[in-house]
């Protein structure tokens, strides 16, 4: 069997991370990260170390019944970076929350990733059943791939405006620009 490409390996690790979170499997979550990974998310202290990330997610899922879906996953194999758009379902609060995880550039080693910086696309207030970025409810109409790339780029820019780490901010803006170019390039390819 041919070895996986970097992009496919990144996708495999990130999807495995979400699956392990959904099963509250602390060991499997930990195995997805480098030993010294740090997970940042708004409203909670940072989680330092793969074991802490795994243990904290497993505890959270066991206590609340939370689970996540992978809505979109964009990888940049040249830079070993990725962005994950997700939806979290929280039965304990009767809440649906959408957000984005930024996996900063890191040469992936088999079975490991740099830890994400998570940003919800809404405030996540307990009294709200469903929120969306900027208060915009997503349409049920099918989007073209180009429109979706541009939508993700705009969500990343919104995330970037909330980020205080200059290097992360610069990399997120760069990724958003690349997504815009991908959408434009695909539209140009489809023109007669």
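The values are calculated or read from the model by the stated rules, or taken from the named source; none is laboratory data. The model shown is predicted, which means the values in this text are computed figures rather than measured ones. Reconstructed Cβ throughout: ideal geometry from the backbone, glycine too, with neighbour counts over all protein chains shown.
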Which of the helices (runs of 4 or more DSSP H) contained wholly in the stretch 1-102 include at least 2 residues that are buried (at least 20 other Cβ atoms within 10 Å of the Cβ), in contact (Cβ under 8 Å) with a residue 40 or more places away in the chain and at negative phi?
-> 6-22, 50-64
Criterion (at pLDDT 90 or above, over 19 Å from residue 159 (Cβ atoms) and in contact with a helix residue (DSSP H, G or I) (Cβ under 8 Å, 6 or more places away or on another chain)) met by exactly one of 26, 77, 52 = 26
